[in-house]
Amino acid sequence: MANKTIVLIEDFTDAPGGRFREDGDFSGEQFRDDELLPALKEGTVTVDLNGALGLPASFLDESFGAVARKHSKLVERLTIVLDDNEIAQKHLSEMIPRATLSWQTPPTSAGKT
Amino acid sequence: MCKLGGHPFARVTLNTLWTMSVRWRQSHNANRLRIQKRRLRSLEKARKRNPLSFIAGAKGNAPTELRPEVDNACPEILDFVKCPQDTAKFFSLLRKRAHKCGAGEMVVNLRNVNEVTPAAALVLIAELCRINFFHRKLKVKVALPAAPEPHALLSNVGFYEYCDGVSTEKSVSGSRIFWKHRRGVDVRQDAVAELINFLPKLSKSATQRLFEALVEGMQNTSEHAYNRSKRSYRFWWLLGYQDTKTKEMAFCFFDQGAGIPQTIRTRFKDKLFLFRPTGSELIHTAVMEGRYSRTKEKSRGRGLPALKRFIDDAIEGELLIFSRESQCVFRDHGQIKSGDYDTKLHGTLISWTLRANGQ
């Protein structure tokens, strides 16, 4: 299975928008349908959310939460890396508990986080 | 009396019907007379209140003198915290007057204004925009504030762009630097990023909270505030300023939608007459606890708590939400003030004020 890394601020935007495409550019729906789902269908995906100006809850819910609701089996292929936004970490822990979340995974013995 | 012959029973029935119809006609005429008298009385009252409108005639022929309703309604202080009811009443009257004037002329008299807050200025801008949008034939004249401070504030936020013949050059307004208001539709995170760049350097977490709060506000406006089937008018307005002397900064966001209590009153228990919470109670619960959404989905309802998170980290911060008839003021140290008023504000105003740099 292929392993793909998506860095939000490089591959998508550093200023995520709202929920749906009709609400504006760089929405959660756009990220889910154009970036996340195609990659998840190919294999495992690591999404790095660090560095964004902010991560609105509606963006996270429509991009990740919707995947957990509609494609629950694909969520197990997902790894989220996020170190600089505690509120977004809390939201994601509630939305996609079955995904691998970097802040919940203990560091390996080699010191890799 | 009916003189038809025939069976006695038929005679009695016909007589009864005849009497009933006469009585009905009499009461119907009496009702009509009563309604006419009532109309005449109310016209007389209106004529005594405002004789000019009757001399000028109906719609499209309004006089150019100051309309007493708007003139008298403008309070000296336009502030949603100090005088919420009077301030909301002024904007409500402004809208009603514009609707009545139709294709004529209307004067907005701000001469008596001694104090105006940026939030009230933003609502004033929005109301003028709305009047320009829906009443294109209506000519709006503005009598400028006599006091220099409100005049300077209105100039700096960009209010005079909506007034013909008034200089749009920025005035000096003490230590306050304003980010001129923006108007938009849908979610415009570029406008939010521009506002964040205008402000003094915030901590990373404060920047994230502010970005998320404003984007959530725009998302709520886009998705819930306006009727989605009528996509033409669904604006929001955004304004910010910083005070270089007191280190205060504030941002205001306003939309003219249905209002928060209206859109989140979806739970059955909140609609029941006996247990019906007030609008301010609903707003308070939705902000503090979350999970209140028009869609009733379990995964939703995170937008309103995001509004408050920005002031939670601040040393001294305040969040004001004024929606329809309801107001809630949240302070960072947990104090909350709320109220429901008789006059409604047509829309939702959200205002954040920080009195020290959020760290």
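None of the figures in this text is laboratory data; all of them are computed from the coordinates on show. This one's a predicted model, so the numbers in the text were calculated from it and none came from an experiment. Backbone-built Cβ (ideal geometry, glycine too); neighbour counts: all protein chains shown.
Numbers for the structure displayed
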quantity	calculated
For the range A:1-103: rounded, prolate or oblate by the Cα gyration tensor [a/c cutoff 1.5]	rounded
Per-residue average of Cβ from other chains inside 10 Å of B:203-214	4
³J(HN,Hα), Karplus 6.51/-1.76/1.60, whole Hz, each residue of the range A:56-63, x for Gly, Pro	x, 4, 5, 5, 5, 5, 6, 8
Over 19 Å between alpha carbons, listed pairs B:K308/B:K337; B:K201/B:K337; B:K37/B:K96; A:K90/B:K204; A:K4/B:K204	B:K201/B:K337; B:K37/B:K96; A:K4/B:K204
Extension reserve of the B:K96-B:E76 stretch, reckoned as 0.36 nm per residue once the Cα distance is removed	5.2 nm
Listed peptides B:11-24, B:191-204, B:174-187, A:13-26 by packing density, highest first (mean Cβ within 10 Å)	A:13-26, B:174-187, B:191-204, B:11-24
Helix-only mean residue ellipticity at 222 nm for chain A, each DSSP H run of n ≥ 4 adding -39500 (n - 2.57), per residue, nearest 500	-6000 deg cm²/dmol
A:K70 versus B:R355: modelled label distance in nm, points set 7 Å from Cα along the beta carbon direction	4.8
Whole-number percent relative contact order across chain A, with pairs defined as alpha carbons under 8 Å at least 6 apart	25
Extension gain, B:K141 back to B:N29 (0.36 nm per residue minus Cα-Cα distance, nm)	35.6 nm
At R0 = 41 Å, FRET efficiency that the Cβ-Cβ distance of B:T343 and B:M20 yields, to 0.05	0.30
